[in-house]
Structures are given as C-alpha cells and as structure tokens.
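Reviewing the structure listed below.
Derivation of every value follows stated rules applied to the coordinates shown; laboratory data play no part. Owing to the predicted nature of the structure, the values given are computational and were not obtained by experimental measurement. As a convention, Cβ positions derive from the backbone with ideal geometry for all residues, glycine included, and neighbour counts pool all protein chains shown.
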Amino acid sequence: MASSNYREIAKQTLWTDNPVIRQILGICSALAVTNLVSNTLVMGIGVSLVTGFSSLTVSALRKIMPTRVRMMAQTLIIAFYVILVDIVLRAFYPDMSKALGPYVGLIITNCIIMGRCEAFAQMNKPLISFYDGFMSGMGYTLVLTAIAIVRELMGFGTILGFPILGDWWTPWTIMVMAPSAFFVLASIIWIAHSITAKKSAASDQTINKGVQASGN
C-alpha cells in the first residue's frame with residue numbers, strides 16, 4: 001500500500017499534476033534561470049531540497065504548531081532551508097551563486113513550496129511528506145530543464161557548455177533573452193495537454209466501444 005502511494009505521488013508530481021505544466025506554479029523561475037542548463041539544474045535541485053525538507057519539518061511539527069500562526073511558521077521554516085542552500089552555494093560554488101544572483105533567495109516565494117506544505121505535509125507523516133515535496137521539486141526541475149535545453153541549444157549552440165551545433169549554426173539572440181522562456185514554456189504546456197487530450201479521447205472511445213458491445 002505504501003509503495004503504491006509513493007508511485008502515485010511520483011506519477012502525479014512528474015506528469016498528471018505537475019506543478020508547472022498542470023498547476024502553472026513557479027513559472028517566474030522559467031524567465032529567470034533557464035538561459036543555461038547548469039543554472040537550471042542547480043536551481044531545480046535547490047527548490048527540490050527546500051520543498052522536501054520544508055515538508056518534512058512542517059509534517060513533524062503539524063500536531064504542535066498553533067493554527068493561527070501556521071502560515072508564519074511555514075514561511076520561517078522555508079526561509080531557514082533557503083538560507084542554508086544560499087550559504088552552501090556561496091561557500092562551495094561561488095561562481096554559480098554569482099550567476100544565479102538574487103534568485104536563490106527568491107526560492108522562498110515559490111508557490112510550489114508553500115503549496116505542498118499546506119496541501120500535503122499538514123495532513124501526512126514526515127517521510128512521505130518529504131518524498132512528496134522532493135518529487136514536486138523534481139517535477140518543477142524536469143520542466144525547467146526542458147526549457148533550458150531548448151534555450152541554450154538555440155541561443156548558444158551548446159548544452160552544459162559543450163558545443164553541440166557546429167559553426168554553421170547562427171545563434172538565436174531571442175533565445176538568450178528572458179521573454180523566450182515563456183514562448184518555450186507555452187509550447188511545452190501545449191504539447192503536454194495535447195498528449196493528455198489524445199489519451200483521454202482514446203480512453204473514452206475504448207469505454208464507449210465496451211459499452212456498445214455489452215449492450216449488444
């Protein structure tokens with residue numbers, strides 16, 4: 001039973017209820033950090049860890065946390081983990097910290113984190129809450145990485161700094177600019193919803209055929 005719950009959480013957070021392409025949350029980061037895949041991966045890992053540990057902490061404290069200060073307490077917990085991520089980046093990866101600039105600190109404003117604390121961690125045990133939070137962050141990372149791959153490849157001709165396209169490729173300047181992130185994100189959302197719609201239509205046809213066959 002527990003393993004099925006974990007599988008269902010993974011399925012929902014990565015696809016059926018993905019926080020970016022389904023819930024349209026956390027999209028400000030799509031504009032800010034998806035010009036390079038390396039930046040996106042670091043930001044995604046940071047969000048995943050903060051979401052996971054914040055959900056873990058909120059779940060562990062849910063029975064002793066006064067209801068009237070619940071939101072304030074959750075914000076402080078999230079801020080604590082964001083500060084830890086920022087300190088680690090500054091200490092061990094100063095170049096990456098400089099490249100990401102203020103956006104690491106702005107993780108605290110990511111709606112995904114507070115959403116998982118409120119919707120899941122407040123009502124579930126710590127371990128599965130950590131898993132739900134971490135996988136929600138991975139769903140976010142998956143979409144942003146897809147955006148970053150398109151932008152870096154078309155804007156610089158590289159992936160993770162390694163040349164992919166030859167000298168024949170003329171970089172698209174617009175892909176380096178922030179607004180391109182929304183064009184790519186919109187395309188990904190459109191593709192995802194088109195796939196879901198086709199699967200739903202195929203499922204409905206199968207059900208209708210089954211009903212007709214049983215009626216005959």
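Annotated for the chain: lysine pairs at least 8 residues apart or interchain, Cα distance under 17 Å, count 4.
Convex hull of alpha carbon positions in the range 1-95: directionally averaged projected area 8.2 nm².
Arranged by the count of other C-beta atoms within 10 angstrom, fewest first, what order do VAL33, VAL184 take?
On the way: VAL33 24, VAL184 19.
Least to most surrounded, the residues fall as VAL184, VAL33.
In the set [x] 31, 30, 13; [y] 35, 21, 14; [z] 29, 19, 17, which value of semi-axes √(5λ) of the Cα gyration tensor in Å was calculated from the structure you see? Among [x] 31, 30, 13; [y] 35, 21, 14; [z] 29, 19, 17, the one calculated here is [x]. Put a dot 7 Å past the Cα of ILE195, heading toward its Cβ, do the same for ARG68, and the two dots end up 4.8 nm apart. The string of couplings for the range 114-120 from the Karplus curve (6.51, -1.76, 1.60, θ = phi - 60°) is 5, x, 6, 4, 6, 7, 10 Hz, one whole number per residue in order, with x for Gly and Pro. Among ASP132, ASP86, a tally of other beta-carbon atoms within 10 Å of each Cβ gives an order, fewest to most, of ASP86, ASP132. When each of SER54, SER48 is scored by the number of other beta-carbon atoms lying within 10 Å, the sequence from fewest to most is SER48, SER54.
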